[in-house]
1. At a temperature of 4 °C and a viscosity of 1.567 mPa s, determine how fast region 24-95 diffuses translationally according to Stokes-Einstein, using the Kirkwood radius over alpha-carbon pairs as Rh; express D in µm²/s, rounded to the nearest whole number.
2. Take the Cα atoms of region 85-149, build their convex hull, and give its volume per residue in Å³.
3. Pop the C-beta distance of Leu361 and Lys26 into the FRET formula with R0 = 35 Å and round what comes out to the nearest 0.05.
4. Taking 0.36 nm per residue of sequence separation and subtracting the Cα-Cα distance, how much length would be gained by fully extending the chain between Ala94 and Asp65, in nm to one decimal?
5. Please calculate how many Å² of accessible area region 76-201 carries per residue, with a 1.4 Å probe and no DNA, RNA or ligand atoms counted.
6. Given contacts defined as C-alpha pairs under 8 Å and at least six residues apart, what's the relative contact order of the chain, whole-number percent?
7. Arg263 to Leu159: extension gain in nm, 0.36 nm per residue of separation minus the Cα-Cα distance?
8. Exactly which GluC sites (Glu not before Pro) in region 1-107 are in a DSSP loop and have at most 11 other Cβ atoms within 10 Å?
Amino acid sequence: MEFSHDVFLRHIAQTTGQPFLIDIEKAEGLYLYGPDGKKYMDLISGVAVSNIGHRHPHVIAAIKDQLDRHLHVMVYGEYVQSAPNLLAKRLAEALPDTLNCTYFVNSGAEANEGALKLAKRYTGRTEIIACHKSYHGSTHGALSVSGNEVKKSAFRPLLPDVRFIHFNCQEDLAHITEKTACVIIETVQGDAGVRIPDKKYLQALRRRCTDMGTLLVFDEIQTGFGRTGTLFAFEQFGVVPDILTLAKAMGGGLPIGAFIADRAMMNTLTFEPMLGHITTFGGNPVCCAASLATLEVLLESGFLDGVESKGQLFEKYLQHEKIVEIRRIGLMFAIEFDCFETVASIVTDCLEQGVICFWFLSTNNSFRIAPPLTISPEEVKEACDIILAAIDKA
């Protein structure tokens with residue numbers, strides 16, 4: 001096998017000048033393994049992807065079964081295939097009645113792109129409202145509604161007619177008017193450092209959108225598929241969006257995303273123009289088979305029941321005078337410190353000791369923890385001991 005760092009740095013496009021540069025030969029459950037046998041506890045699940053662990057046997061079996069049937073056979077929307085059919089049906093059964101029609105895509109950014117197009121097409125309006133400090137992806141449209149100006153400035157001009165409001169601020173809801181096609185918002189802000197809204201705020205947002213004829217888009221790309229202790233985070237707030245976007249954990253390790261709405265709304269992408277949205281690989285049968293298997297695991301009786309107790313266990317163990325704040329919902333954490341240098345020291349030392357934590361793009365004084373939901377209480381304790389030792393050294 002080829003593990004040359006020179007090849008990686010020369011021939012694979014880089015996102016930063018400081019990649020982690022650890023060699024990964026295999027993965028199983030909570031753990032990643034290097035070619036030298038070194039074992040790492042993956043406390044970030046590949047950034048909120050491997051919610052049911054790496055290579056879950058039910059997912060692997062579903063992938064192998066689909067491989068024996070067929071791979072890609074046609075662009076999205078033309079052929080009837082069992083895997084996307086079954087997945088769409090199961091999603092509709094798991095979601096509120098108004099979220100009954102799924103458009104399968106390849107990633108979270110594409111899911112948000114599709115949602116924005118759908119909102120503009122359905123309402124006939126152009127204004128989009130998003131939140132400061134939000135993150136919805138790196139493609140032009142998704143970047144346009146993300147709230148990090150540092151990441152955006154080099155790529156302007158971006159999508160016009162986008163306005164920003166403050167997350168969890170009811171007074172700002174007055175900016176939503178009859179000109180607004182949609183509000184796109186993370187149910188829990190992830191990249192901003194796990195910012196959890198008040199229940200009353202999301203309910204007021206829902207009422208305002210309804211009153212203005214504005215569509216409410218919940219971006220659950222990080223929070224969906226069990227991360228917060230329920231299948232979808234919005235279930236904890238008593239609010240149902242008009243459009244839901246999903247990706248990351250949806251595929252159990254394979255790339256897939258989706259935007260979901262009511263059939264009548266989604267139908268507006270079918271006509272005037274025809275092919276209002278199109279994707280070659282959306283609904284890939286192998287990815288859909290993996291996603292269905294992931295969903296089946298998550299919906300097993302009792303599977304999600306332990307998420308909250310494990311989250312509480314992390315909080316119980318991670319007590320240290322240097323920690324400024326822990327923000328958490330389910331098994332989604334931001335651990336805040338005084339400055340980036342402290343965070344960098346902790347993350348680097350944890351990596352050396354075989355525990356993978358990770359940064360946030362826009363919150364440099366915090367690091368993220370989002371382990372597979374399958375982590376055991378004993379593994380929680382072991383990970384926390386290593387993190388606390390790293391904090392001591394910082």
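1. Numbers: Rh = 14.8 Å.
Translational diffusion coefficient: 87 µm²/s.
2. Values: hull volume 7.1 nm³, N = 65.
Each residue corresponds to 109 Å³ of Cα convex hull volume.
3. Values: r = 28 Å, r/R0 = 0.80.
Computed FRET efficiency for Leu361 and Lys26 comes out at 0.80.
4. Numbers: separation 29, 0.36 × 29 = 10.44 nm, distance 2.39 nm.
Working it through step by step, the gained length comes to 8.1 nm.
5. On the way: 5800 Å² over 126 residues.
Heavy-atom accessible area per residue stands at 46 Å².
6. That works out to 22 percent.
7. Details: separation 104, 0.36 × 104 = 37.44 nm, distance 2.67 nm.
Residue separation times 0.36 nm, minus the Cα-Cα distance, leaves 34.8 nm.
8. Values: sites: Glu2, Glu25, Glu28, Glu78, Glu93; in loops: Glu2, Glu25, Glu78.
Taking region 1-107 and a limit of 11 other Cβ atoms within 10 Å, the loop GluC sites (Glu not before Pro) found are Glu2, Glu78.
The values are calculated or read from the model by the stated rules, or taken from the named source; none is laboratory data. What you are looking at is a predicted structure, and each value in this text was computed from that prediction instead of being measured. Note that we place each Cβ from the backbone using ideal geometry, even for glycine, and neighbour counts take in every protein chain shown. Side chains included, ligands, DNA and RNA excluded: accessible areas come from the protein's heavy atoms. Shrake-Rupley method; radii C 1.70, N 1.55, O 1.52, S 1.80 Å.
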